[in-house]
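Below is one structure, written out as C-alpha cells; the observations come after it.
Read-outs: derived from the displayed coordinates by stated rules, not from any lab. Just so you know, these numbers come straight off a predicted model, no measurement behind them. Backbone-built Cβ (ideal geometry, glycine too); neighbour counts: all protein chains shown.
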Amino acid sequence: MARHNLSTVVSFEITRTLTKRRFWIATLIVPVIIGIVVALIVAANTSTDNSVTSQKDQKFSFSYSDASGVVDPAIVKSLGGTEASSGADAIAAVKSGDLDAYFAYPADPAKQATKVYGVDKGIFDNGKYSSVATRILTASAEAKVGDSKLSSLVQGTGPVEATTYDSSGNLSGGIGSVIPPLLFLALFYVVILLLGNQMLTSTLEEKENRVTEMILTTLNPTTLIIGKVISLFVVGIVQMLVFALPIVIGFLFFRNSLNLPAFDLSNLQIDPFQMVIGALLLIGGFILFTGTLVAVGAIMPTAKDAGQIFGVMIALMFVPFYAVTLIVSDPHSFIVQIFTWFPYSAPVTALLRNGFSSLSPAEAIGVVVEQFVLGLIVLQVAVRLFRYGSIEYTRKVSLTSILPRRQAAVGK
C-alpha cells in the first residue's frame, strides 16, 4: 500500500511539473542563454582578432624621426609616412589634428622605448599607432639581422611608449578617463544583485502573509508600489556606502600595511557629459528592473515561483558582459546595437560603451529616454498587477484576466 502511494505521489508530482509551461520556459532558457553566450564569445574573439590584425594595415598620416638608422625610408613611404623635419613641430601637428601620428625612434630601439604620439581615436583604435610603428621597425630590421641589437626587433618585441591627444590638443585620459564612468556600471551590478531578490519579494511578503487586503484598505496601490521602489533605492545607497567605507578607509590609512597597490587619483579624468549619462542610465535601469521584478512578484503566488523569473533577469544582465570585447572593439556591429537598444541589456551595454566613449550623444539620450519611459510604463503595469493579483494566493495572475476587468472599469 505504501509503495502504491509512493508511486502515486511520484507520478503526480512529475506530471504536474512537466505540464507547467513556466517549467519548460525556465528549463529551456538556460541552454538558450548558454548558446547565446558561446556565440557571443566566438564572435567577439573573431572580431577582436580581425580588428587587431587590421590595425597593422590601417592607413593614416604620420611622420617619423630615426636616431637609430634602422628605419628604411622606402618602407615608411609605402605606408604613406614622411620624415619629420622637427620632432617638436610633428608633435604640434598631432595636437592640432593636422597629422594623425608621429613616431620617434630612439638610438637603440631594442632597449629604449619608441615614442608614439597620436590623435586619440579611442582606447582600442589607438593601438593602430603602436602596431604600425612596430611593423616599420620589424620590416626594416629584417634586412639587417646581422646586427645583434636588431634581433629582438625582427620578432617585434621592441618597447613602445604611446601618447595620444584629444580633439582639443590636450593629453587624452586613456584608462584614467574610462574608470570614472564605469563606476556606474559597477554600482548597477551591485544594486541589482544585492537588492534584486528584495525587489522580487517586496510585494510577495504581504501576499504570503495574507495582509494585502488590510494594507489596501488604507493605501492606494500606486502609493504602495512607488514607496517600495523609493525605499529600495535608498536601501541600495546605504548598502553601497557601507561596502565602500572599509575599502576607502583601508586605501587611505592602511595601504602599506595591507600591501595595496598605489593608485594616483590625479590620473583620473572626469567628463561631465559621460558622468551625467552614466548616472541617468543607472537610475533608468534601476527603475526598469525594479518595476519588472515588482510586477513579477505581483503575478506569482509564491517566492519560489517568482525565483525562476529572477534567474532569467540576472542572466539578461550578464549576457552583454560576455561580449565585452566585441562591445569595445566593434561597438557599431549589429549584435552590439541589439544589446544597446534591447531594454534589459541596454543598461549594461550602454554603460560599457559610455565608459569607452563609443556611445554617441544621440544614442546616449535615446537609451536614457527608453529606460525611463519603459521603466515608468512597467511601474504602472506593476501597480495594476498588484491591484488585481494581491488577493490571488494560489495561482499566477494572467494578463488576459486583467484586461476585461480594466475594460469593465472604464465602462463604469
Item to check | Efficiency of FRET from Cβ geometry, TYR189 and SER96, R₀ 35 Å, rounded to 0.05 | outcome: 0.30
Checklist outcome for this item: Per the rule of 0.36 nm per residue minus the C-alpha distance, extending ILE365 to THR222 adds in nm 48.7 nm
Checklist outcome for this item: Residues whose built amide H sits under 5 Å from the amide H of VAL160, excluding neighbours closer than 5 in sequence, are THR114
Checklist entry - With r defined as the distance between the Cβ atoms of ASP108 and VAL235 and R0 fixed at 56 Å, what FRET efficiency is calculated, to the nearest 0.05? => result 0.40
Next on the checklist: Report the gain in length on full extension from VAL324 to VAL242: 0.36 nm times residue separation, minus Cα-Cα distance, nm rounded to one decimal.
Outcome noted: 26.6 nm
Checklist entry - Across 10 Å bins from the origin, how do the percents of Cα pairs in segment 78-133 run, short distances first? => result 23, 54, 23, 0
Checklist entry - So who's got an amide H within less than 5 Å of the one on THR82, skipping anything under 5 residues away but keeping other chains? H placed 1.01 Å off N, in plane. => result PHE62, SER63, TYR64
